[in-house]
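What follows draws every value from the coordinates through simple rules; no lab data is involved. Given the structure is predicted, the values throughout are model-derived calculations rather than measurements. Because the Cβ atoms are built from the backbone with ideal geometry, glycine has one as well, and the counts that use them run over all protein chains shown.
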Amino acid sequence: MVSHDSTDLERFWTLKETLLPLEQWICAALEEDRARDDGTMVLFDPPVVRGRAVVTSRQQGVVCGTAAMAAVFEQLAADCQVIDRLSDGQPVVEGSVLLVVDGPLVSLLAGERTALNIGSHLSGIATRTEALVSRSHGVQILDTRKTLPGIRIFQKQAVRSGGGVSHRGDLAQFPMVKENHREWLQRLNPQFADDPAAEVAFIVTRLRQAEESRPIAIEVEDEISFRACLEQRVDIILVDNTSPELLSRWIEAATEAGLSLETSAIEASGGIDEATVSGHAAAGVSRISCGAITHSAAALDLTLRIDPVARSTG
């Protein structure tokens with residue numbers, strides 16, 4: 001998990017586990033756009049003339065991905081030079097400059113759309129995340145695995161840039177038993193259908209026998225399963241598609257019954273957005289997960305202009 005301070009957010013772009021996927025992502029995007037085969041390049045003679053690409057925001061938001069945007073131009077021309085860029089997590093308003101890159105004019109033109117697509121997408125996720133974080137009253141906002149194939153690590157970086165927290169990055173990080181798992185456990189073990197407590201006990205026993213060190217997460221949608229998870233000291237209880245009012249009553253009743261809420265992280269999920277996040281936060285949860293911050297975030301509106309580079313008189 002990466003913290004939200006600017007140093008750690010920037011360090012992400014220098015990690016070995018980031019550099020290769022970033023190169024592959026940009027390479028695939030430029031190849032898809034056939035950026036090196038742009039027919040308009042014959043218009044510029046000599047092709048070595050240099051320009052200055054200036055990326056600005058047309059709206060208020062939170063920045064993520066200027067390092068990736070710069071890498072687009074650097075992959076097209078090794079002599080591209082980053083003059084200035086905003087770090088991930090920085091707020092912007094209309095007219096804010098995010099990135100300035102000097103380089104060959106033909107490379108700046110060829111990489112324009114790819115760079116803007118990346119920056120707009122990642123900054124849109126960061127902006128959407130920040131909108132939920134600002135309404136969550138200190139409760140953690142987590143992402144999910146509802147990400148685009150191949151670029152999950154970058155979308156999760158955008159969530160962190162907006163003040164959110166990374167949930168598990170993949171299926172191997174820790175086991176999460178969800179609705180389909182439980183349905184099939186009941187099909188294969190009919191005795192569990194009317195006995196959620198026995199089902200949860202079976203799940204916990206099996207998983208802890210297999211791997212004691214990793215946390216266990218179980219998704220629930222009914223109070224009996226919720227209580228069973230508390231009794232079994234499940235690490236993460238994912239309460240899905242439950243109203244804040246109902247969840248608050250479950251938590252209150254569990255407390256009155258003497259069940260400890262301190263050994264489990266209670267996480268709300270399912271259809272949570274800017275209008276409902278405050279209610280879920282007030283219900284008494286410690287975490288709120290939201291797939292919409294990655295799969296439905298609107299792109300931040302960015303634009304790029306290319307200015308002339310002042311010639312040296314020396």
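Remark: the stretch 138-295 is approximated by an ellipsoid whose semi-axes, taken from the C-alpha gyration tensor as √(5λ), come to 25, 20, 14 Å, largest first. Quote the Stokes-Einstein diffusion coefficient, in whole µm² s⁻¹, for the chain, based on the Kirkwood radius over alpha carbon pairs, a temperature of 4 °C and a viscosity of 1.567 mPa s. Calculated translational D: 60 µm²/s.
Model label points for SER296 and TRP184, set 7 angstrom from Cα along the Cα-to-Cβ axis, are 2.7 nm apart. Partners of LYS16 within straight-line reach, counting lysines whose Cα lies under 22 Å from its Cα and excluding those fewer than 8 residues away in the same chain: LYS156.
Counting beta carbons within 10 Å around each of SER248, SER213 and listing the fewest first gives the order SER213, SER248.
Restricting to DSSP H runs of at least four residues, report the calculated mean residue ellipticity at 222 nm for the chain, -39500 (n - 2.57) per run over all residues, nearest 500 deg cm²/dmol.
Working: 11 runs with 130 residues, N = 314.
Rounded to the nearest 500, it is -13000 deg cm²/dmol.
Give me the extension gain from HIS137 to ALA28: residue separation times 0.36 nm, minus the current Cα-Cα distance, reported in nm with one decimal. Could you put the intermediate results ahead of the total?
On the way: separation 109, 0.36 × 109 = 39.24 nm, distance 4.02 nm.
Extra length available between HIS137 and ALA28 comes to 35.2 nm.
One decimal place: the segment THR263-LEU20 gains 83.6 nm when fully extended, by the rule 0.36 nm per residue minus the C-alpha distance. The modelled label-to-label distance between ASP45 and THR7, using points 7 Å beyond Cα along the C-beta direction, is 5.4 nm. Counting other Cβ atoms within 10 Å as a rough exposure proxy, the listed residues ILE237, ILE83 run ILE83, ILE237 from fewest neighbours to most.
Net length available on complete extension from GLU256 to GLU94 is 53.2 nm, with 0.36 nm assigned per residue and the Cα-Cα distance removed.
Sort out for me the Cα centre separation of the stretch 165-192 from the stretch 74-141, rounded to whole Å. Cα centres, the stretch 165-192 to the stretch 74-141: 36 Å. Computed from the alpha carbon positions, the gyration tensor of the stretch 89-206 leads to an equivalent ellipsoid with semi-axes of 43, 18, 10 Å, biggest first.
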